[in-house]
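Student: Pasting a structure below so you can have a look.
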Amino acid sequence: MEAAPLGTFRAVKTRDAVARTRDGWPYFEVNFQGMSPVGEPLYEIRFGDGEWMLAVADDLVPGQL
């Protein structure tokens, strides 16, 4: 059984095709990856289907589904 989601991904700044498709999906794991080229915190998140993607902090809504 999958653990409870940590939050919801919202395609606010990450706007590629994959991000738009996954807008509104819950994420279950998050790993800090460093800073983006423009100085924003960058995270790797895992969705319920096991896929990982990079997102900036503005795209992550903790604890909200």
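Student: Springs between alpha-carbon pairs under 10 angstrom, Gaussian network model over the chain: which of 39, 48, 24 fluctuates most?
Tutor: 39
Student: Determine the share of the chain's accessible area contributed by carbon and sulfur atoms, expressed in whole percent, with a 1.4 angstrom probe.
Tutor: 55 percent
Student: Tell me the volume per residue, in Å³, of the convex hull enclosing the alpha carbons of the chain.
Tutor: Per residue, the Cα convex hull of the chain comes to 77 Å³.
Student: Another one. Which value, in Å², gives the accessible area per residue of the chain when a 1.4 Å probe is used on the protein heavy atoms?
Tutor: 62 Å²
The values are calculated or read from the model by the stated rules, or taken from the named source; none is laboratory data. Given the structure is predicted, the values throughout are model-derived calculations rather than measurements. Side chains included, ligands, DNA and RNA excluded: accessible areas come from the protein's heavy atoms. Shrake-Rupley method; radii C 1.70, N 1.55, O 1.52, S 1.80 Å.
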